[in-house]
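Here's the structure we're looking at; comments come further down.
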Ligand SMILES: NC(=O)C1=CN([C@@H]2O[C@H](COP(=O)(O)OP(=O)(O)OC[C@H]3O[C@@H](n4cnc5c(N)ncnc54)[C@H](OP(=O)(O)O)[C@@H]3O)[C@@H](O)[C@H]2O)[C@@H](O)CC1
Ligand SMILES: Nc1ncnc2c1ncn2[C@@H]1O[C@H](COP(=O)(O)OP(=O)(O)O)[C@@H](O)[C@H]1O
Ligand SMILES: [K+]
């Protein structure tokens, strides 16, 4: 159930199911209508009546089925429409089979105590919602009527969650077969209210033909790859992670990342510090080691002697040439030295703003996995054209950036998207807004490096870290500060690994 289908893939699912069933697509519409009615009767059973707003396509077709089924149950129903579905379509058939008289949509006036069924537009939204359609949605919103949206709140784009023209906030959205990006990406996620996925009789086997590449970020994606230490392991086998520290006044971010790496199971973690910051770092580190690295030769020597499995560069590091130099050294260690994976975050992302191609070229020929963890602002510095393209969804931006950068891309935010250069993508859905606090991204960068260092593949490591970070944040809740996150990881990991204490 965790596959996420684009509206095009959903159309394909519909087509394949209709072919396989032999009875066309109309039975799916009947099932869709029945599924919405079942939800209405569970959650909005005490409504005085139901106003069903029907659009000109198959979303409207679902609306006619819903209106008929409610009417057959003896409930009070009013049907509102602007245009009739074109002859020969499922929508037209549903309209024909609906005995209710249709009222003109521009006369729609919500009644106190009535619920609104929004069946104007769903997957076929093709232009901004305007005119009488927009006015009807605005009236429902102004009346604060309970709203159930069919497939999507009308006006929300299924591929991106963006609003085209006008929309409304639903209390409940019932979608069919699988969620679409618009249910999970903001603002769509907020506008959907709660989203329920209903079975309309499309067999799961159609997914073998469609082969969707986007998933909701649940443990099913990566749980089996979460590292568990062998009984005869030793600390360096559990992955040695090195985190670059910034100057004396900006060392905390690196320590947060280091703590994230350690708590997620890296066997050894070293903070690499410029000379001037060694004293301040030393005052705050215990299990985590400290090593002076300020110059190219010191870094090369550290790599050659200690063979770290993964690095973090960026948190509190500064945006200068050193960030670029160290990044390039890590991606291309001296020949014969094993490549270490790299998480590039924060200042190190910004350091490549003027020369992003240098980073992408280095990643393209590196033996290591590069994971980029920008928030939207940092993303725009590395990928200005993608950030400015209003037609691209957050999912599409992350995907294109991953291909261009030859990197796993973690595009952070309330709806973090993780994308791999091979086209796989995941959308995270369980983060708490309490994570929006300084330093929480630093912890995440360290967590990703900690998993990479333990041998987890890049895409899965990033997905797992994003989920575990969100779960740790959820457990802390109000009052969360970044320091809390690593400390919650033992309990979160225990639950995820199914280990008893
Ligand atoms: N796939 C499945 O498995 C199943 C799908 N099902 C249902 O089908 C729905 C998709 O149906 P759909 O493709 O007919 O699209 P829909 O959303 O009704 O819109 C198309 C119509 O609206 C028009 N139009 C668009 N935007 C507009 C605007 N802003 N302002 C004015 N007009 C606008 C558009 O005009 P056009 O673009 O042609 O100019 C066209 O006439 C899906 O959401 C689900 O509810 C279920 O029955 C069960 C199984
Ligand atoms: N509204 C939100 N809901 C859920 N998670 C959020 C929200 N805002 C930010 N986050 C998460 O919090 C972290 C913030 O990271 P970042 O922006 O890099 O901050 P910092 O640099 O201060 O560590 C990211 O993991 C991001 O996905
Ligand atoms: K709708």
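When residue 85 is tested against (1) over 33 Å from the mean Cα position of the chain (by Cα); (2) modelled with pLDDT under 95, exactly one condition is not met: (2). Restricting the range 449-501 to residues that are under 19 Å from residue 287 (Cα atoms) and in contact with a strand residue (DSSP E or B) (Cβ under 9 Å, 6 or more places away or on another chain) leaves a set whose member that is surrounded by the most Cβ atoms within 10 Å (Cβ to Cβ) is 449. Only one of the numbered conditions (1) modelled with pLDDT of 95 or more; (2) closer than 23 Å to residue 177 by Cβ; (3) in contact with a helix residue (DSSP H, G or I) (Cβ under 7 Å, 6 or more places away or on another chain) is not met by residue 77, and that is (2). Only residues that are over 23 Å from residue 43 (Cβ atoms) and modelled with pLDDT of 95 or more were counted in the range 112-134, giving 9.
The set of residues in the range 360-381 that are farther than 25 Å from residue 451 by Cα and touching a helix residue (DSSP H, G or I) at 6+ places or on another chain (Cβ under 7 Å) comprises 380, 381.
Search the range 16-29 for residues being out of contact with any strand residue (DSSP E or B) (no Cβ under 8 Å at 6 or more places or on another chain) and closer than 17 Å to residue 122 by Cα, and hand back the single one that is nearest to ligand 2 (Cβ to nearest atom). Break it down stepwise before answering.
Going residue by residue through the range 16-29, those that are out of contact with any strand residue (DSSP E or B) (no Cβ under 8 Å at 6 or more places or on another chain) are 16-27, 29.
Checking the rest, the ones that are also closer than 17 Å to residue 122 by Cα come to 25-26, 29.
Details: 25: 38, 26: 41, 29: 36 Å.
Only one residue tops the list, namely 29.
Taking the conditions (1) within 31 Å of the chain's Cα centre (by Cα); (2) within 14 Å of ligand 1 (Cβ to nearest atom); (3) buried (at least 18 other Cβ atoms within 10 Å of the Cβ) in turn, residue 66 satisfies each one other than (1). Residue pairs whose Cβ atoms lie under 9 Å apart, sitting 6 or more positions apart in sequence or on different chains, and linking a residue in the range 345-356 that is under 12 Å from residue 407 (Cβ atoms) and free of Cβ contacts under 8 Å to residues at least 24 places away in the same chain to a partner that is assigned to a helix (DSSP H, G or I) and more than 10 Å from ligand 2 (Cβ to nearest atom), do not occur here. A Cβ distance below 9 Å, combined with a sequence gap of six or more or placement on separate chains, defines the contacts here; from the range 416-444, residues that are at pLDDT below 95 reach residues that are assigned to a loop (DSSP other than H, G, I, E, B) and more than 10 Å from ligand 2 (Cβ to nearest atom) in the pairs 430/217; 430/218. Counting residues in the range 242-253 that are in the same structural domain as residue 304 (by TED's automatic domain parsing), in a helix (DSSP H, G or I) and buried (at least 24 other Cβ atoms within 10 Å of the Cβ) gives one or more. Candidates 452, 468: the one that is touching a residue at least 40 places away in the same chain (Cβ under 8 Å) and under 15 Å from the mean Cα position of the chain (by Cα) is 468.
The single residue among 155, 161 that is at pLDDT 95 or above, buried (at least 24 other Cβ atoms within 10 Å of the Cβ) and within 16 Å of ligand 2 (Cβ to nearest atom) turns out to be 161.
The residues of the range 272-294 that are over 36 Å from the mean Cα position of the chain (by Cα) and either part of a helix (DSSP H, G or I) or not assigned by TED's automatic domain parsing to the domain that holds residue 325 (or both), listed by number, are 275, 276, 277, 278, 279, 280, 282, 283. Can you tell me which residue is farthest from ligand 2 (Cβ to nearest atom) among those in the range 130-152 that are surrounded by 23 or more Cβ atoms within 10 Å (Cβ to Cβ) and in a loop (DSSP other than H, G, I, E, B)? Out of the qualifying residues, it is 151.
For the range 288-342, a tally of residues being touching a residue at least 40 places away in the same chain (Cβ under 8 Å) and loosely packed, with under 15 Cβ neighbours inside 10 Å returns 1. For the range 180-196, the criterion of being more than 22 Å from the chain's Cα centre (by Cα), modelled with pLDDT of 95 or more and part of a loop (DSSP other than H, G, I, E, B) is met by none of the residues.
The values are calculated or read from the model by the stated rules, or taken from the named source; none is laboratory data. Quick caveat: nothing in here was measured; it's all calculated off a predicted structure. Glycine gets a Cβ as well: all are built from the backbone with ideal geometry, and neighbour counts include every protein chain shown.
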